[in-house]
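Presented below is the structure to which this report refers.
The values are calculated or read from the model by the stated rules, or taken from the named source; none is laboratory data. What you are looking at is a predicted structure, and each value in this text was computed from that prediction instead of being measured. Positions of Cβ are generated from backbone atoms using ideal geometry, with glycine treated the same way; all protein chains shown enter the neighbour counts. Just so you know, the surface numbers come from the protein's heavy atoms only, side chains and all, with ligands and any DNA or RNA stripped out. Shrake-Rupley method; radii C 1.70, N 1.55, O 1.52, S 1.80 Å.
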Amino acid sequence: MDSVQTIIWIVSFVLVTVAVTGLSRRVGWSAPISLVVVGAIVSFLPGIPPVTIEPDLVLYGLLPPLLFAAAIRTSIVDVRARGDSILALSVFLVVFTVVVVGFFTWLVVPAVTLATGFAFAAVVAPTDAVAVTALAGRLRLPRRLVTVLEGESLFNDATALVALSAAITAIVGTLNPWSVAGDFVLAVAVGLAFGLVVGWGLSSLRRSLKAPVLDTSLSLITPFVAFIPAQLLRGSGVLAVVVAGLVIAQRSPLVQTAEARIAESLNWRTIRFLLENSVFLFIGLNLSGILHGAVESGLEPWQVVLICLGMLLFLTLARFAWIFLTTLIFRFGPDRLRQRRWSWATSVAVGFAGMRGVVTLAAVFLLPAHTPQRAFLQFLAFVIVVGTLVQGLALPWVVRRLGLPPPNGAQELVEAQMLMAEARAAGVVQLDAEIDETDDASVVERLRADAALLGETMARPTEEGAEPAQAVYSRLRLAMIVAERRAVLAARTEGRYQERAVRAILASIDAEEIAVRALWRRSGGT
């Protein structure tokens, strides 16, 4: 494929991703499943070249920005508060899955060795950050549940990849259990240390960057700066990226300008949208080539069907078994754990949220060429990815049946109002410290009036059925902004002002609109 064809493929890929995702959202379908189905259909069309996964391209090129985009949206405070639950799922559940699913694979897949079974179990053990984030974004799940699921999907890749490396070593030679433990400790230590260094180092460097374009450019290479060196040092690049993202997100308000934070947020939202959704289209495009390999495995069709169904069922049961065991430990263990115990309903919801994704597909191609039944295991991994994504479609129904409470919007609104009131009060105190006799009195009074208006509207109770005062302010101000922008554009059309002046005023109006819309959403507007 020459360079022109490559560009055409990339543009077509993005267009299909955007079109299918937009249509799915409009009609209420699951965008991930729709993209997988479209990709699978396209893979069988005549003239479409076979799509094959390059594991290193996925692990080094696609995974770091995906993880970083998820990490900078995750609160390090929430992760720390739910650390024991996340640890139980991201480390111990992966180890449990590798053992029990490894033995099951060895028993049901013909000609597969025990080491190969463990390797395949490590491939299918980690849940996918992209799938979990996509699902959590569509559902009004309890905040605690979302934090646990996103934390699990961010950190479990590191455990699974270390386990896969150990299993591959056993396939090609002999395995020393002590070396596995040592490799895991080394991977965690190097990944954690490098992530902290990159997070603190780059965030400190960004403090000196005043231009948002420079700040954003540095942000775009951050996941690779964390991932690649950590991998080369035999550490966990996954852990390094996640830790760097968490640290940078926590320090962002201290080291970045508001303009830089807005620019970075918009850029990463776009990157996240394209990567997350294109991953599912890419998964579907691999079906043709993977299916061809499964046909050549020599297994009868009924054997293929039974093995696929059995593996999906056993993988799901293994996840539920560990989660219920963890729930028992939390409910009847030491006081510290009992204080953080889950409800049984939460355990069921966590069990259903075991979606796999692109990491599983990439990892299965890391199996050595002489691995027994390698082509069939690649097909089986594809089935598990698609099967668990379909299973995730039942999660909304499960959450409703379990009666899990959605996020408390009223409480969150009150907390936001109280925090904003504290911030406004601090601003007024600073205003008193800054002003002197040379400052224009009308400007000072305007600043006081603006702060007083927002403070009074937050403190004033809203009558039942009435529109909150903040929402009224936002709605009316947004209507004014629309008219102001229309007037500026009319003046541009008439040629009464230079373009530089027009763009400056439009930029000022845009900046205020962002702030007003944030207030509008915070006050319950839609």
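Could you grab me the full set of residues in segment 131-146 that are at pLDDT 65 or above and either assigned to a helix (DSSP H, G or I) or touching a strand residue (DSSP E or B) at 6+ places or on another chain (Cβ under 7 Å) (or both)?
Once the filter is applied, which keeps residues that are at pLDDT 65 or above and either assigned to a helix (DSSP H, G or I) or touching a strand residue (DSSP E or B) at 6+ places or on another chain (Cβ under 7 Å) (or both), segment 131-146 yields Ala131, Val132, Arg143, Arg144, Leu145, Val146.
Six or more apart or on different chains, Cβ under 8 Å: which pairs go from a residue in segment 437-453 that's closer than 22 Å to Ala426 by Cβ and at pLDDT 75 or above to one that's open to solvent by less than 80 Å² (accessible area, probe 1.4 Å) and of a type outside the set (A, V, I, L, M, F, W, C)? Could you list them?
none
Tell me whether segment 466-488 contains one or more residues that are at pLDDT below 80, of a type in the set (Gly, Ala, Ser), open to solvent by 60 Å² or more (accessible area, probe 1.4 Å) and more than 36 Å from the chain's Cα centre (by Cα).
No, every residue in segment 466-488 fails to be at pLDDT below 80, of a type in the set (Gly, Ala, Ser), open to solvent by 60 Å² or more (accessible area, probe 1.4 Å) and more than 36 Å from the chain's Cα centre (by Cα).
Can Arg269 be described as modelled with pLDDT of 85 or more and surrounded by fewer than 16 Cβ atoms within 10 Å (Cβ to Cβ)? Talk me through it step by step, then tell me what you get.
On the way: modelled with pLDDT of 85 or more: yes; surrounded by fewer than 16 Cβ atoms within 10 Å (Cβ to Cβ): yes.
Taking the combined requirement at face value, the residue satisfies it.
Is it true that some residue in segment 341-359 is surrounded by fewer than 15 Cβ atoms within 10 Å (Cβ to Cβ), part of a helix (DSSP H, G or I) and modelled with pLDDT under 75?
no
Of everything in segment 187-208 that's assigned to a helix (DSSP H, G or I) and open to solvent by 60 Å² or more (accessible area, probe 1.4 Å), which residue is nearest to Ala166 (Cα to Cα)?
Among those residues, the one meeting the criterion is Leu192.
If I filter segment 364-382 for residues that are farther than 29 Å from Thr169 by Cβ, outside any helix (DSSP H, G or I) and either of a type outside the set (A, V, I, L, M, F, W, C) or touching a residue at least 40 places away in the same chain (Cβ under 8 Å) (or both), do I get at least one hit? Step through it out loud before you land on a result.
Taking segment 364-382 as the starting set, the residues that turn out to be farther than 29 Å from Thr169 by Cβ are none.
The answer is no; no qualifying residue exists.
Where in segment 75-129 are there helices (runs of 4 or more DSSP H), lying fully within it, with 2 or more residues that are in contact with a helix residue (DSSP H, G or I) (Cβ under 6 Å, 6 or more places away or on another chain) and under 17 Å from Leu313 (Cα atoms)? Steps first, answer last, please.
On the way: elements: 76-81, 83-87, 93-108, 114-124.
Per the criteria, 93-108, 114-124.
Select from segment 274-319 the residues that are modelled with pLDDT of 85 or more and among the aromatic types (Phe, Trp, Tyr) and write down the one among them that is most open to solvent (accessible area, probe 1.4 Å).
Trp302
Check off (1) surrounded by 18 or more Cβ atoms within 10 Å (Cβ to Cβ); (2) free of Cβ contacts under 8 Å to residues at least 40 places away in the same chain for Gly39 and give me the number that stays unchecked.
Only one criterion is unmet by Gly39, namely (2).
Pairs, please: C-beta under 8 Å, at least 6 apart or cross-chain, first residue closer than 19 Å to Ile41 by Cβ and in segment 1-20, second of a type in the set (Gly, Ala, Ser)?
Within 8 Å, the pairs are Phe13/Ser278; Val14/Ser278; Thr17/Ser278; Val20/Ala31; Val20/Ser34.
What's the total number of residues in segment 364-390 that are over 19 Å from Ile307 (Cα atoms) and either open to solvent by 10 Å² or more (accessible area, probe 1.4 Å) or at pLDDT below 85 (or both)? Talk me through it step by step, then tell me what you get.
Restricting attention to segment 364-390, the residues satisfying the condition of being over 19 Å from Ile307 (Cα atoms) are 365-370.
Next, only the ones that are either open to solvent by 10 Å² or more (accessible area, probe 1.4 Å) or at pLDDT below 85 (or both) stay: 365-366, 368-370.
So the count comes out to 5.
Which residues, taken from segment 42-72, are surrounded by 16 or more Cβ atoms within 10 Å (Cβ to Cβ) and part of a loop (DSSP other than H, G, I, E, B)?
Val51, Ile53, Ile72
Can you pull out every residue in segment 307-340 that is more than 25 Å from the chain's Cα centre (by Cα) and in a loop (DSSP other than H, G, I, E, B)?
The answer is Gly333, Pro334, Gln339.
When you scan segment 220-255, how many residues do you find that are polar (S, T, N, Q) and buried (at least 22 other Cβ atoms within 10 Å of the Cβ)?
Residues of segment 220-255 polar (S, T, N, Q): 222, 231, 236, 250, 252.
Among the residues that remain, those that are also buried (at least 22 other Cβ atoms within 10 Å of the Cβ) are: 222, 236.
Number of matching residues: 2.
Going through segment 248-306 one residue at a time, which ones are outside any helix (DSSP H, G or I), within 26 Å of Gly357 (Cβ to Cβ) and more than 23 Å from the chain's Cα centre (by Cα)?
Within segment 248-306, the subset outside any helix (DSSP H, G or I) is 256-257, 286, 296-300.
Then drop every residue that is not within 26 Å of Gly357 (Cβ to Cβ), which leaves 286, 296-297, 299.
Hits for segment 248-306 are Glu296, Ser297, Leu299.
Being at pLDDT 85 or above and either in contact with a helix residue (DSSP H, G or I) (Cβ under 9 Å, 6 or more places away or on another chain) or more than 29 Å from Asn267 (Cβ to Cβ) (or both) is true for just one of Leu209, Leu218, Leu175. Which residue is that? Spell out how you get there, then give the answer.
Working: Leu209 fails: at pLDDT 85 or above; Leu175 fails: at pLDDT 85 or above.
Being at pLDDT 85 or above and either in contact with a helix residue (DSSP H, G or I) (Cβ under 9 Å, 6 or more places away or on another chain) or more than 29 Å from Asn267 (Cβ to Cβ) (or both) holds for just one of Leu209, Leu218, Leu175, which is Leu218.
I need a count of the residues in segment 399-417 that are modelled with pLDDT under 70, surrounded by 12 or more Cβ atoms within 10 Å (Cβ to Cβ) and either in a helix (DSSP H, G or I) or charged (D, E, K, R) (or both).
5
When you check Arg319 against the structure, is it among the basic types (Lys, Arg), within 16 Å of Ala88 (Cα to Cα) and free of Cβ contacts under 8 Å to residues at least 24 places away in the same chain, yes or no?
No, not satisfied.
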